[in-house]
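To keep things clear, I will list the structure first and then write my remarks on it.
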Amino acid sequence: VSPPPLFANPAPADLPTRPTLMVVVDTEEEFDWEAPVSRQATSVTAMRHIERTQTLCGAVGLVPTYVIDYPVATQPAGYETIRSWAQEGRCDIGAHLHPWVNPPFDEPLNSRNTYLCNLPASLERAKMRQLHQAIVQNVGVVPRVFKPGRYGIGRDGLAVFDELGLVVDASV
């Protein structure tokens, strides 16, 4: 028996009865897109304004998914507010991996290595595990959504999904 086509038409019973809107918010360190990547660019002071997003979403009944990166997941100024929202069910938390600020730092710092899929499989896996552990430890949730920074997930990264309990690839 052959599998169904990838984009098969769903049966009417499988379709939602009303439109579904998903809001995924890249929640990451502050950095200058014009400057070279830096392992020291890990400030998360913009997180003090994240309440604006949460208020807008809450006003219309949306539960946003904040995909957070390592600097956000490891600094109290980054995770404390969204941790309480996640525990209250007001948001979901996913993982967002920027390789240049996510340990282990075993790769040369260059443009090519800002794409997760360009790293050796063992390093890609190690970075994904480190981010996952930081989120579980500091935010208290197991992320189910994963978004690689710069849209760079590959076959090796997807192979780690089951191990980490990930179910949604939010890369473009």
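The values are calculated or read from the model by the stated rules, or taken from the named source; none is laboratory data. All values derive from a computational prediction rather than experimental measurement. Neighbour counts run over all protein chains shown; Cβ positions are idealised from the backbone, glycine included. Ligands, DNA and RNA are stripped out before the accessible areas are found, and what is left, the full protein with its side chains, is counted by its heavy atoms. Shrake-Rupley method; radii C 1.70, N 1.55, O 1.52, S 1.80 Å.
The table below gives the values:
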{"quantity": "Residue within segment 120-132 that is of a type in the set (D, E, K, R), assigned to a helix (DSSP H, G or I) and open to solvent by less than 60 Å² (accessible area, probe 1.4 Å) present", "calculated": "yes"}
{"quantity": "Criterion violated by residue 96 - all others in (1) in contact with a helix residue (DSSP H, G or I) (Cβ under 8 Å, 6 or more places away or on another chain); (2) modelled with pLDDT of 95 or more; (3) exposed (fewer than 11 other Cβ atoms within 10 Å of the Cβ) satisfied", "calculated": "(3)"}
{"quantity": "Whichever residue in segment 15-26 is assigned to a loop (DSSP other than H, G, I, E, B) and touching a strand residue (DSSP E or B) at 6+ places or on another chain (Cβ under 9 Å) and, among such residues, is surrounded by the most Cβ atoms within 10 Å (Cβ to Cβ)", "calculated": "23"}
{"quantity": "Residue within segment 78-91 that is open to solvent by less than 90 Å² (accessible area, probe 1.4 Å), within 19 Å of residue 149 (Cα to Cα) and either aliphatic (A, V, I, L, M) or modelled with pLDDT of 95 or more (or both) present", "calculated": "yes"}
{"quantity": "Count of segment 138-149 residues which are in a loop (DSSP other than H, G, I, E, B) and buried (at least 17 other Cβ atoms within 10 Å of the Cβ)", "calculated": "1"}
{"quantity": "Residues being in a loop (DSSP other than H, G, I, E, B) and either modelled with pLDDT of 85 or more or exposed (fewer than 14 other Cβ atoms within 10 Å of the Cβ) (or both) - total across segment 163-172", "calculated": "5"}
{"quantity": "Pairs where the first residue, in segment 150-162, is loosely packed, with under 12 Cβ neighbours inside 10 Å and the second is at pLDDT 85 or above, C-beta under 9 Å, 6+ apart", "calculated": "155/117; 155/121"}
{"quantity": "So residue 72, is it surrounded by fewer than 17 Cβ atoms within 10 Å (Cβ to Cβ), among the β-branched types (Val, Ile, Thr) and either part of a loop (DSSP other than H, G, I, E, B) or touching a His at 6+ places or on another chain (Cβ under 9 Å) (or both)", "calculated": "no"}
{"quantity": "Hits in segment 90-108 - residues which are in contact (Cβ under 8 Å) with a residue 60 or more places away in the chain, within 12 Å of the chain's Cα centre (by Cα) and not in a loop (DSSP other than H, G, I, E, B)", "calculated": "94, 95, 96"}
{"quantity": "Residue in segment 27-46 that is loosely packed, with under 14 Cβ neighbours inside 10 Å and farther than 24 Å from residue 111 by Cβ present", "calculated": "yes"}
{"quantity": "Of the criteria (1) in contact with a Cys (Cβ under 6 Å, 6 or more places away or on another chain); (2) open to solvent by 70 Å² or more (accessible area, probe 1.4 Å), which one residue 64 fails", "calculated": "(2)"}
